[in-house]
Amino acid sequence: MCREWLNGWLVRNHWDVSVTQWVWQWLDWLDTHHQFMLACLVLVSSLHLLSTLTLILGTMLARRALLLPWIITDLIIIIIMVGIFISWTFLSFFVDLLIAIVFPVMAGLLLGLWIVLWRNAWRFFRAGSLGDTKLLQE
């Protein structure tokens with residue numbers, strides 16, 4: 001169903017033939033390797049969930065070493081999200097004016113919230129390394 005919708009969208013928006021062929025090659029590759037991609041997604045999500053559990057445990061026990069897995073995995077996710085944000089914001093200008101206005105605002109708010117959460121965990125981690133145990137015990 002998604003493939004048919006994308007085919008109709010590519011036909012309605014007369015893009016360059018090479019772009020259309022590249023999209024179809026990518027979709028064919030994704031279709032043939034969907035089990036591998038799903039397994040990778042489940043593995044990465046499970047690792048991040050495990051690191052989130054260590055973040056909660058480290059916060060409750062005031063053990064800052066347990067915060068590191070979440071800080072590292074979330075930083076990787078933020079870097080990936082910034083790349084996706086930049087590329088999709090650029091591509092949204094070619095689709096529609098409304099999407100070009102709404103998408104950067106909404107995605108920027110989500111990315112900003114994610115960065116603030118990461119920064120707060122980083123500050124909490126750094127406060128423990130500087131000997132400020134009052135912040136760790138609040």
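The table below lists the values:
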read-out: Point-to-point label distance, residue 26-residue 43, nm (Cα→Cβ direction, 7 Å offset); value: 2.3
read-out: Over segment 1-124, volume per residue of the alpha carbon convex hull, in Å³; value: 127
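Only the coordinates and a few stated rules stand behind these numbers; no lab work does. This one's a predicted model, so the numbers in the text were calculated from it and none came from an experiment. Quick reminder, even Gly has a Cβ in these numbers, built from the backbone with ideal geometry, and neighbours come from all protein chains shown.
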